[in-house]
Each structure stands twice: as structure tokens, then as C-alpha cells.
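Engineer: Below: one structure in C-alpha cells.
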Amino acid sequence: MMNKSVFICDDDAGITDMLTIVFELAEVDVVVENDSVRAYDVIKRMKPAVIVVDLWMPVVSGDLLIKKLRGDEELRDTYIVCMSASRDGREVATEAGADIFVAKPFDLDEIIAVVEEGFVTS
């Protein structure tokens, strides 16, 4: 059976609340962490199929989290979606090792499509 779990880390609770509603309607198991400092430990326990991470967060930025995940033997192949409103976000996300970049503000159909793609490839 396909693992349809997604972990979302964004310091903006409005975004994580909205994405939770959207993914739960699509029958996806969702875990949210708004504090990037705790994200790695939650991901390590959960082992989600897809990780959605904001690039610019306080303390542990999304690119640092992605690099840490890519360096972890168990998690390095996890499908990672990185999102940001930053102009250089795509470049930073790609250099960190994200599988795909989504610009904010994003289209809900687009974010659903990229996460679904992650389920297929994971």
C-alpha cells in the first residue's frame, strides 16, 4: 500500500492550517510542525513519504533542514518540496537538495499535484 503521509514545516500557521485541510480532504495523513527546531526529530520518527518545507524560517532555515535530511542515511531519498516567496528561493532550494520548488503564493492545485508526484516516486 502506498505511503500517503506528508510532513509540513512552515512558521506561518495560516499556511500549515490551510495545507492540512487540503491534504486531509485528499485523504493524506498530515503532520505539521511550525517550529523548525523540532522538525528533524519529528521527521526522523514519522518517516513521511513527502516533506513540504518553507525556505525562510527562524533558527533552522528550510535549506539547512533539507541539507540535514539529505545527509541522513534513512531520510536522504525522501521527496522534498520546498516553498518560498523569495526571488532566489528556487536556486537556494535546488542547491540544498529539494526535489521541487513551489513559489509562494502557490496555487492549491499545483501543491497537491507536486505532493501526489512525491507519493508516486517515494
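Engineer: Could you tell me which of the residues 87, 45 is outside any helix (DSSP H, G or I), surrounded by fewer than 21 Cβ atoms within 10 Å (Cβ to Cβ), more than 13 Å from the chain's Cα centre (by Cα) and basic (Lys, Arg)?
Structural biologist: Among 87, 45, only 87 is outside any helix (DSSP H, G or I), surrounded by fewer than 21 Cβ atoms within 10 Å (Cβ to Cβ), more than 13 Å from the chain's Cα centre (by Cα) and basic (Lys, Arg).
Engineer: Related question: When the residues of region 90-112 are filtered to those that are surrounded by fewer than 14 Cβ atoms within 10 Å (Cβ to Cβ) and at pLDDT below 95, which remaining residue is nearest to residue 76 (Cα to Cα)?
Structural biologist: 110
Quick grid of which residues meet (1) of a type in the set (Asp, Glu); (2) under 18 Å from residue 15 (Cβ atoms); (3) modelled with pLDDT of 95 or more:
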{"site": "50", "(1), (2), (3)": "no, yes, yes"}
{"site": "59", "(1), (2), (3)": "no, yes, no"}
{"site": "62", "(1), (2), (3)": "no, yes, yes"}
{"site": "67", "(1), (2), (3)": "no, no, yes"}
{"site": "70", "(1), (2), (3)": "no, no, yes"}
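Engineer: Any residue in region 61-69 that is in a loop (DSSP other than H, G, I, E, B), more than 13 Å from the chain's Cα centre (by Cα) and on the phi < 0 side of the Ramachandran plot?
Structural biologist: No, region 61-69 contains no residue that is in a loop (DSSP other than H, G, I, E, B), more than 13 Å from the chain's Cα centre (by Cα) and on the phi < 0 side of the Ramachandran plot.
Engineer: Do the conditions hold for residue 29, that is, is it closer than 17 Å to residue 83 by Cβ, charged (D, E, K, R) and surrounded by fewer than 16 Cβ atoms within 10 Å (Cβ to Cβ)?
Structural biologist: Here the answer is no, as residue 29 does not meet what is asked.
The values are calculated or read from the model by the stated rules, or taken from the named source; none is laboratory data. Since we're looking at a predicted model, the values are computed, not measured. Cβ coordinates were reconstructed from backbone atoms using ideal geometry, including for glycine residues, and neighbour counts include every protein chain displayed.
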